[in-house]
Structure formats: C-alpha cells, structure tokens
Amino acid sequence: MPHAADDHARPEGASDANDAPPGAHSDTGAQATGRGPRNRYTAALAEEIETRWQRQWEQHEAFRAPNPGDVGFDPAKPKFYALDMFPYPSGSGLHVGHPEGYTATDILSRYMRMRGRNVLHPMGWDAFGLPAEQYAVVNNVHPRDTTVKAITTFRRQLKRFGFSYDWSREISTIDPAYYRWTQWIWLRCYHAWYDHRVENKGRAPGRARHIDTLIQDLAKERLLVGPSGELIEPGAQGALGSIGGEPMGGVSGGFARKWIELTEQERKEVVDSRRLAYLGEQTVNWCPALGTVLANEEVIDGRSERGGHPVNRVPMRQWMFRITAYADRLLEDLDLVDWPHSTRTQQAEWIGRSEGAEIDFPLFGPSGEPEQQSLRVFTTRPDTVFGATFMVCAPEHPLVDEITTPGQRASVEAYRAAIAGRSDVDRMESKDKSGVFTGAHAMNPATGERIPVWIADYVLMGYGSGAIMSVPGHDERDYEFAAAHGLPVRVVVAPEAGAIVEPPYAGQGVGVGSSNSEVSLNDLPTPEAKRVIIAWLETEGLGSGTVQYKLRDWLFSRQRYWGEPFPVVYDEHAEPHPLPESALPVVLPDLDDFRPTESDDPKPPLGRAGDWLRVEIDGKTYTRETNTMPNWAGSCWYYLRYCDAHNDERFIGEEAERYWMGGGGVDLYMGGAEHAVLHLLYARFWHKALHDLGFVSTPEPFRKLRHQGLIQSYAYQRSNGSLVPTDEVEERDGAFVEIKSGEPVKQIVAKMSKSLKNVVNPDDVIAEFGADTFRLYEMYMGPIEAAKPWNTRDIIGPFRFLQRVWRLAVDEDTGELSLRETPHEGVERALHKATHKVRHDIENLAFNTAIAAMIQFVNEATGEGVTRDQLHRFVRILAPFAPHICEELWSRLGETGFVSLAPWPAHDEAMLVDDTVEIAVQIKGKVRAKLMVPAGADAATLETLALEHPDVRSFLEGLTVRKVIAVPGRLVNIVAT
RNA sequence: GCCGGAGUGGCGGAAUUGGCAGACGCGACGGAUUCAAAAUCCGUUGCCCGAAAGGGUGUGCGGGUUCGACUCCCGCCUCCGGCACCA
C-alpha cells in the first residue's frame, strides 16, 4: 500500500524536482498490517524511511570528512574527532552493548557537524587475535574466512543503525595495507632506545631516540657501560634506566668500561639490550591450553583473560617492549587527559610506582667470614631496617645457588622443585607462608647483627630485587612468616612515643629502639626517619633511595597464527636482523593448519609455513621470526590511521595528523571500561614512543575518554538462589513465576548470557520498532556511563514519542503536513527551552535528559500544533538522535539538503525565562502556599507578598515571625514560633 | 583487606550542586474511540490517614551542621567495579 508520500510530501512552493539529493520517496509499502490510519508512523514505515535515507546518505557520501588538501576541505572549520573503540568482529554479530557507545558518539558527531565542525567519525575492525582465532579453531574454519564473514555482518548491522561514519576511512587490522604500518612502527621501536637523560621541562625525564644516537654517545664516551651492561654517564653515580630489563644479581662493585674496550659481540649486546623493542630472556606467562605466552595484563588471577586457562611461569626468549621506561611519564601524563577517575586510578595502580630504598645486606661466607657479596633488597620502609631480623629471597633468585650451605642444599632444592611444579593459580590459592632456610647469613647493616637468609615463594622475583629484608614487627606477611618459622620479631616503630605496640604494626609512627653508634631514628616520625636512614645508607655506600614499579616490560610475542608477522629474520647463529622498510609488509602466509599446538613448550604455527620461512638477502639465507604480534598491536595506533586511511607513503600524513589530532588528540573516545589497562595503556605507550620519535604531535592520544556502561538484562532467581532462563518464567498478576513449577521467582539484574536466554539481538528490535526508536531507547535508558538493565517493555515509550512527533507534523489520514499558521506563545517558549537544553545536554553527554526535554516539548506542542518554522527547528534538534525520521520530515518541509548537515537552530536566551515564576512559601520548612510573581522580583518584594498571602496569614496566626529568608526566583521561608 | 563508584516510587531514572524531591518514560488504574480487541488519545498515580478539603510522612540506616539537606560533615549497612603475598 502506498503511503502517499509522493503525493503529499511537497508543501506549496517547494520544488518538486526529484533529482535533488535526498529527494524522492519510494512507494514501498509502509503499512504492513493495513490497519490504523494510512499515514501513521509504524515499524514498517520506519523501516522504509530508514533504509531509504541510509541509501541517500551513502550515495551522496553525506558523512565523508575531507582532509586538509582534499576537495571541499574548509580550513576555517574546527575539527572534531569522535572515536569508538572498534569491535572484534565476532561470529555472533553485534549485541545491544555495541550500539550504546556508538550511538552516543554518533549523536555528538551529528551535533558537531550541525555546529559547523569538520567531524572525523570512523569505524573499522580489530580483526587479528585470539577471539577471532579461537572461534575459527572451534569451528574448524580458517580465521580469515570467519573474520571476513563476521566483518560483513557487523558492517551491515552498523549501517542499519544509521551511524554517520565516514565509511571511506574504514580500516581492518588484518589488511596488509594496514599491518604494513603496524610492522613499520615496530621497526621504529626496534631502531630506538630510551634516553633517560633528556629533560622535559620539569616533568618526568626521558625520551626515545634513534638507536644511532646511543651508538654515537657510546663511541664518543658520553656513555660508559657498567658491569652488568647498564649505561653510566662518566662521573655520574648509578645506572641509567635501572628499571626493567636488567638481571638483578644484587652484586655491587666493578668498573665502567668504554665502548672502545668492548668486543664486537659485547657492543651488539649492549645496544640490543637497550632497544625499545628488544629480544629478552624473561620469565613469561605460558598458557599451555592456548599454546602461547601472554602479557601480564592478559593474565588475571593466574588464568588467561581469554578463556580462563591456567598460566605457568617459564623462562623464554621473546620480543619485549620497554614500556617500563615510560612508567613515570605514563603516570604523570594522566593529568593531561580528561578520563574517568576510575580508569586513571587503574592505570596508576597498574604502573604501581612506589618510592623506597635499595639496601645492600653484606653476606657471610659458609664458615662465617664476611664476603665481598651482598644481598640487595628493595623496601618502601627503610626506616624499619633496625627491625629486619631475617631475609627472604625469591626461590628463583640467582644468588640462592651460591649461598646455600651444603647442609641445606637438599631442602632448598626440594622446595624449589615443589614451587616450579605449581602453577600461578596454585601459588595464589595457598597463602600459607612456606619457605626454607638456605643456611646462609647476612649482616643487618644498621644493627650489625647476623641474620638468616631464607627462600620463600611469597617473595616474587619479578618485583624489586627479588629479595626482601623481613621486618616481622611491621609487616603482616613477614610477621606470619616469622610466626610460622619461629623467627624473632622486633618492634622499631610505635604509633606515638611511649605507645605499646602489638606487632605487626604496619602504620606510620615514630622510631623506637632504632639506633647505632652513627645514626638514630628514635622519636623521628616515619617520613623523617626514612630521609635520615637513606642519607646514612648513602654515605656508608650501603644503599640509596629508589623508585620501583609494578609495571613490567610488555611481552609482545605470541605463538599463534592469526596475527601480524614480525619484520625480523634470524641468521644461522639465531641472531635477529630487522628487515628493511622496503620489505614491508611481511604478509601472513596462508596456512591450512593454523591451529596452535597445545603443549608445554612453544611451537608457533608459522614454523610450519614451509617456503615462507626462508628468506634470501644478499645471497645469505635467513629464517623468519615465527611468532606473531598480539591482538593489541593493531589497536595501538588505529586511531591515527583513520586520519589518513589510504596513505601508502606514510602511516599517517603529517598534515592530517596535525589537523585531526590537534588540541590534545581524539576529542571523544568512547568504549568499554574493560580496556582500562590493556588497550588504553598500550596505545598511550606507542603514542608516546611515536611522539618522541617525531611522528605525532601530541603527548597523549585520547584527550577525553568516556566509558559506556554495561547493558544488563533481567534474570530470574529461585528462592534457593539458582537462576531460571528467561523463557521459563512468566508474569502473573505483577509477580514472576516459573512456568514449570508455578513457584514464584525474583526478578534480578544480571549480565546477558546465552544460558539465561536473556540476550537481546539488535536486529530483532530494529525489525519491531526501527533504528530511530532503538537509538532513542538506548540513550533514554539512563546515563551513558551507568550500567543499566535492558527492559524490552520500555522500548514502546520512545516509539510512541516518535509517533507523536510524526503526528505533530503529518496528518495521519491524508499524509499531508498539518501545521498552524501563527506560533503559540507557550509552544514557542517551550521550543527555545528544549533547544537550549538539548544542546547543553548533548555537550555533557546527558542524552537521557536531552530526550526527556524533547518529549516534554512534543507533549506541550501536541494540543496546540506547531508552525512550519517551529517544525523546521524541532526536526533539527531531534536529528542527531533520530536522524531518519528527521530527514523524512525535513524533506517534506521542502528542504533539498540533508537535515544531518543543516545548521543547529539558535535559541533566544530571553525566551528561556518565563515572565512570571511560581515561588513556594515555606513556613518552618514546609510548603504552605505558592505565589505567582514577576520573574525579576527581589527578596524584599517576595517577603512582602508572602506575608500578605491569605494562606500564609492564617498559618501564622498565633505565631511570631522570627526570620524570613527570601531567595529570588526560588522560595520564601518563614521561621515562626 | 585496600582503593574507587553507587544506594531516590512497583520499574528505568530526574533534580541548574544547599532552595518546592520524584522531571521524562514504563507499568498500573480510570475514561474516550472500537461490534470487540490491539493500537492510539485524555486523565490519575511516592506512601499512610481521609468521602473530600486537607493532614502526616518520605531520597539505605543512625547522628550532626543549617532558616532549609537526596545534596555538606561524622559513624554504620548493602551492592557494583578495580587491586591484592608488590616488600
């Protein structure tokens, strides 16, 4: 049935030309049911309108954003970069959580276009990596096939929402034209080192520089090489870049050597070990089930983030990123960005900066004589050193072999074997303080006492120096260990002078019993005691103040197929050689057998790639790296590629980068809070490295970040707490009962899950109500950042709203526009208020209240009707939210362009305030009367009017007025007794 | 255990940051329309007492500051998120 649009759409005077861009309406059936008025806004009409306008946008490339230098680029327009976290195209398609953030950024993007911004709003696919690959493995299909198919589905679904993406910038991380540059960035990091000497105007020092500058500095002896490979400035104390990377032996002494004194091999090792992307021998997280190693960030409670498989710690030679060099800057620069508090906190905690001291405890030899060697510990409480009654090393500590006495060797070996066999999960589950004595002793440098050295797995090799001074009086773990093994406890800190201390007391206070012939901490408050003892240790050469981080270097190799190959080959001595840029991209070979090998040692699938593995360069044969990059690689810089998606000369053009990333980076980045540490930390790190190396202009990638809240679903719970699938529950008389048993169940909010059958498919919702309604509903549910339950019953509300909008403009019987000639005063005022509020709320991402304001306007206007001019304005404020229906009404108003690109309507500030306002009159805090007064009435006037009010007077009978508070525009409060 | 965030009608949620609590939507109830139903439209709707007028009460709990507190302070409870043998 035709919906008469062609017959009635054009108002008098409007051009009937149907060759204008958005023009012609089709005659496809709008009234699927054939019931109700012919021109009512139904799901069928919504679908017809929506798909038609989506075609129009696409044909006219309505949302294509020109780059500087492109045709149509207007340099006077400020830019706005609205970015969504691009999805993994999983096999199951979009769920309702995806479009939540996407709709929010879309509304803002559309609004910003209407406000005259050049808007970059792109979309792409994060298509490499474990999720896609695991899906492929399970279904025994090549990951490329499943991924490409999933992308097609995602793209179709996203287009159906009417998101205003610039699809010409679509990128996919699996496209060789994209990952060529991922590999290129990795090479830039390989050819870079971190120079901690560079000052940054009072901010945390250091900057990545080309590796050649390191070689020059070494050759010119501006840098020397220390005994364990660390870099030393001539004349300066301590090593540069002491965090991360270096093996910690705790051995002090030795001399710095000059470049000229090093062998060729030593030089190579020194340089290679300083690279930003380096090959490191590390204890890594090996996940046998996934057949790959994982980054620290991908391991949660000893299990893989994906799949929840156990993870073991084994030493391996792997590609690493020196993210630890950036620890201070990553921490400090959190104050440059507008991010949710919780996300910043999580990053700060992950970086885990802690200030303290390194202290060397001299070791005694087997027969009790002092040795050259000492055991270095890290502590945040150097002020408690007088209370250190024993020491504990991590079982893997390199000195343990040396210091263990023959008598203890058997038990030490047995303990280490027991530990090695335990997975991290086991180690975490049992928190009992196990450990064994090594037989060795060290000297407490403060007290001069001989104290025993133990090993225990509660001390981790990966933190600090892998050894601790144990202060059972002031550390809970040490106390438990001491209690379990009968070791002495000494109190050296009291909350206040003279207080009785019940160990363990971990708080601050003042030193007690903490003195030797040279230094005393007694009665010194903790911060002061720390300063004093560190100064003393430094004078004595026994230690120094230092900073430790929880952050570890980023393990970047994966023993998987579905990822970016490294642009690296190995020679016959297994020495790595980077490929030249001309060799990029290193294309991932097609493998029939792409499955990972479940095993206890790494066997990357690319090892089976046959001819691909051998590369001939200058007559020499090399073997390719068979590890691949983790799925985070592609997402570390995709936001940059969008700015210049088809540049094949550079990963991003300089001009495009300066324009779109200007002003502090992405203007709004919207995505899930689950990426708080992983993606967001990695991307910041790459960005900073690229910034240091001169490739990007801003220190931070994402100026403003917001998370969309989780969309939950209802579930039903029996009285015993077990959950019932949604389809086995029905509502009877306002209560929920399980159909099978008739037992009452409780409605609760839960995560959507297949087992509970409460997953909502957006395709179904759109089929029933249309995309405009879907968009409105998701935004109307509540604040964008809040978790909120999907309630199918509520969707009808936004749908009715659109019906009312439609009816406000269109006669449901004739299909003609039905407008009044002269504006109604109240409606006009309401429209100005709505325009103002919607604008304000969009800018504050308060979409739920913006929609409420528009509903309120339509409710007010419904009885009175609107003029052509009013509809013309209203359609524009609604357009960012429900763009399709607005395009339709816009064209019926005779406009030939897109409402999506029309200017935002102005509002008149004078129209926002009413001439008269209602003032509440309170007596003793309770509202007893209301006054209608002119908007500008002052306090004195209000007071007089209030006291004259008959209701007030009768209330005040027999009372004495003590005080009157009058707040202009608000209320009057009369205090009487 | 530590660090964040939050607790408002039957439900989702508002409240310009100290000024009329409950905007807006859902649901429910009543009415219009309809042969009827659906859809749509109009009205009512925090709770308690009352036929009504009206009164009382009310933002997790207990105190406090203030003319006035969902909002600020102190002490608890519950839920959600993060971290957790990090020295």
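A few notes on this one:
- What the phi angles of region A:74-79 give under the Karplus curve with 6.51, -1.76 and 1.60, with θ = phi - 60°, is a coupling list of 10, x, 6, 7, x, 8 Hz, glycine and proline written as x.
- Set of lysines with alpha-carbon distance to A:Lys788 below 16 Å, sequence-local pairs under 8 removed: A:Lys751
- Cα centroid separation, region A:712-752 to region A:460-488: 50 Å.
- Here region A:312-471 exposes an accessible surface that is 53 percent carbon and sulfur, computed with a 1.4 Å probe and the other protein chains kept in place.
- In this structure, A:Glu199 and A:Ala219 have a Cβ-Cβ separation that, at R0 = 30 Å, corresponds to a calculated FRET efficiency of about 0.85.
- At an R0 of 25 angstrom, the distance between the Cβ atoms of A:Ser544 and A:Ser515 translates into a FRET efficiency of 0.75.
- Overall dimensions of region A:490-570 by Cα: Rg and Dmax, Å: 22.8, 67
- By the Cα gyration tensor, region A:354-548 has an equivalent ellipsoid whose semi-axes, rounded to whole angstrom, run 27, 19, 15 from largest to smallest.
- Rg and Dmax of region A:913-976, both derived from C-alpha coordinates alone, stand at 11.0, 38 Å.
- For region A:815-951, the share of accessible area belonging to carbon and sulfur comes to 51 percent (1.4 Å probe, ligands and nucleic acids excluded).
- Percentage of interatomic Cα-Cα distances in region A:554-604 larger than 17 Å: 51
- Placing pseudo-labels 7 Å out from each Cα toward the beta carbon at A:Ala348 and A:Ser434 gives an inter-label distance of 3.8 nm.
- Gain on full stretching of the segment that runs from A:His210 to A:Asp600 - 0.36 nm per residue minus C-alpha separation: 136.6 nm
- Summarising the label geometry, the points placed 7 Å from Cα in the beta-carbon direction at A:Ile617 and A:Val141 lie 3.8 nm from one another.
- For A:Val587 and A:Asp272, the difference between the fully extended length at 0.36 nm per residue and the C-alpha to C-alpha distance is 110.9 nm.
- Zone residues, region A:539-558, relative to A:Gln508, backbone N less than 20 Å from point 7 Å out along Cα-to-Cβ: A:545-548
- Legend: Rg and Dmax of region A:711-750, from Cα coordinates, 9.3, 30 Å.
- Averaged over its residues, chain A has an accessible area of 42 Å² per residue, based on protein heavy atoms and a 1.4 Å probe.
- Packing-based ranking of A:402-408, A:802-808 yields A:802-808, A:402-408, ordered from highest to lowest mean Cβ neighbour count within 10 Å.
- Restraint check, A:Lys926/A:Lys963; A:Lys201/A:Lys268; A:Lys837/A:Lys926; A:Lys77/A:Lys833, Cα-Cα greater than 23 Å: A:Lys201/A:Lys268; A:Lys837/A:Lys926; A:Lys77/A:Lys833
- The length gained by stretching the chain between A:Glu957 and A:Glu61 to full extension, at 0.36 nm per residue less their Cα-Cα distance, is 315.2 nm.
- Region A:677-743: C-alpha pair distances exceeding 20 Å, %: 57
- Of all DSSP-defined beta bridges confined to chain A, some 80% are antiparallel rather than parallel.
- The listed peptides A:153-165, A:71-83, A:780-792, ordered by packing as a protection proxy, come out as A:153-165, A:780-792, A:71-83 (highest mean of other Cβ atoms within 10 Å first).
- Between A:Ala786 and A:Ser719, the distance separating the two model label sites (each 7 Å from Cα on the Cα→Cβ line) works out to 3.3 nm.
- For chain A, alpha-carbon Rg over 2.2 N^0.38 Å: 1.16
- For region A:810-883, the equivalent ellipsoid derived from the alpha-carbon gyration tensor has semi-axes of 22, 14, 10 Å in decreasing order.
- Dividing the summed helix terms, -39500 (n - 2.57) for each DSSP H run of n ≥ 4, by the number of residues in chain A produces a 222 nm estimate of -9500 deg cm²/dmol to the nearest 500.
- The C-alpha radius of gyration of region A:856-935, expressed as a fraction of 2.2 N^0.38 Å, stands at 1.61.
The values are calculated or read from the model by the stated rules, or taken from the named source; none is laboratory data. Bear in mind the structure is a predicted one, so any value in this text is a computation, not a measurement. Glycine gets a Cβ as well: all are built from the backbone with ideal geometry, and neighbour counts include every protein chain shown. Each accessible area value is taken on the protein alone, full model and side chains, heavy atoms only, with ligands, DNA and RNA left out. Shrake-Rupley method; radii C 1.70, N 1.55, O 1.52, S 1.80 Å.
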